[in-house]
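Step one of this worksheet: look at the structure below.
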Amino acid sequence: YYTRADADRSGAWFGKGADKLELAGEVDPKIFEAVLKGFLPDGSRLGSENREHRAGTDLTFSMPKSWSLLALVGGDKRILEAYAEAVKETLAWAEKHLAETRMEVSGKYKPVQTGNLLVALFSHDTNRNQEPNAHIHAVVANATQGPDGKWRALKNDKLWEHNTLLNAMTMARFRLSVERLGYEIGEIGKHGNFEAAGVPKEVRDAFSSRRAEIVEHLKEMTSSGLAARNVANLKTRSEKQTVKDRSALARQWTDKAAAM
């Protein structure tokens, strides 16, 4: 999914954990798969042979719709670069403050900070309905090097607990960048999200059929909140198709935007 979903979108390694393993530049799918299964590049294995290895944590950073439209339909690639840099800055903070493993200390296993993460970043630009949707999957492998130099499983509790904060931090950094590019901030949403001024809601909605599917399904559910939204997302999503003709899809987006 990560390496094939959006045509030629290859990933990039990130984090001090990647540096320690001398993983840099483009992500090799075979090495990526091995790491998710608990095997380091030198062939050593994390954890026990008798225990299934948890692959990792997907922290997904999604750009609000108006910015996706300006970048992918309007053609301002600087917006994509600004967002990618904001995500990396956030992950660097997370690596410093949230990366932990469990180690035996005075006879008891306790959380210990490690200060390093092994991350594969994949930039995708469509949703499952092949609409403009710039988002970055930060796949944090279940591996971190402890203070003693030994590689262990990552304790990811803090990463999940701070998920909303990580998005807000990304958007705050992104806002500084797009304002420097000359854009104005429009509608403010939850968790630090904001739209670009000058992109009307009806245009955003016209390119947001995935959101409409989720909202419609939520109306039929008895529960609400983030957990319910996640369920609605899973219930309504189709398999993500490979974009066979990227230039044709881009023309389709442009024509639709021009008609509006």
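The values are calculated or read from the model by the stated rules, or taken from the named source; none is laboratory data. A quick note: this is a predicted structure, and the numbers were derived from the prediction, not measured. Positions of Cβ are backbone-derived with ideal geometry, glycine not excepted, and every protein chain shown enters the neighbour counts. Keep in mind that these areas ignore ligands, DNA and RNA; they rest on the heavy atoms of the full protein, side chains included. Shrake-Rupley method; radii C 1.70, N 1.55, O 1.52, S 1.80 Å.
Protein-only accessible surface at a 1.4 angstrom probe places the residues Asp76, Asp255, Asp42 in the order Asp42, Asp255, Asp76, largest first.
For the pair Ile188 and Glu104, a Förster radius of 45 Å applied to the C-beta separation gives a FRET efficiency near 0.45, rounded to the nearest 0.05.
Residues Ile185, Ile31 ordered from highest to lowest accessible area at a 1.4 Å probe: Ile31, Ile185. Surface exposure of segment 59-165, expressed per residue as accessible area with a 1.4 Å probe, stands at 40 Å².
Checking every one of the trypsin sites (Lys or Arg not before Pro) in segment 1-102 against DSSP loop status and a limit of 16 other Cβ atoms within 10 Å picks out Arg4, Arg9, Lys37, Arg51, Arg54.
Of Lys37/Lys158; Lys96/Lys201; Lys201/Lys244; Lys16/Lys158; Lys88/Lys190, which ones are farther than 27 Å apart at the Cα?
Distance filter (> 27 Å) returns Lys96/Lys201; Lys201/Lys244.
Taken about its Cα centre, segment 103-160 carries a charge dipole of roughly 320 debye when the Cβ of each Lys and Arg holds +1 and the Cβ of each Asp and Glu holds -1.
Subtracting the Cα-Cα distance of Leu165 and Arg251 from their residue separation scaled by 0.36 nm leaves 27.3 nm. Placing a pseudo-label 7 Å from each Cα along the Cα-to-Cβ vector at Lys244 and Ala206 gives an inter-label distance of 2.6 nm. A Cβ-based charge dipole, computed about the Cα centre of segment 19-177 with Lys and Arg at +1 and Asp and Glu at -1, lands at about 440 debye. When both segment 130-170 and segment 37-78 are represented by their alpha-carbon centers, they are found 8 Å apart. The overall shape of segment 59-125 is prolate: from the C-alpha gyration tensor, with semi-axes ordered a ≥ b ≥ c, the ratio a/c is 1.5 or greater and a/b exceeds b/c.
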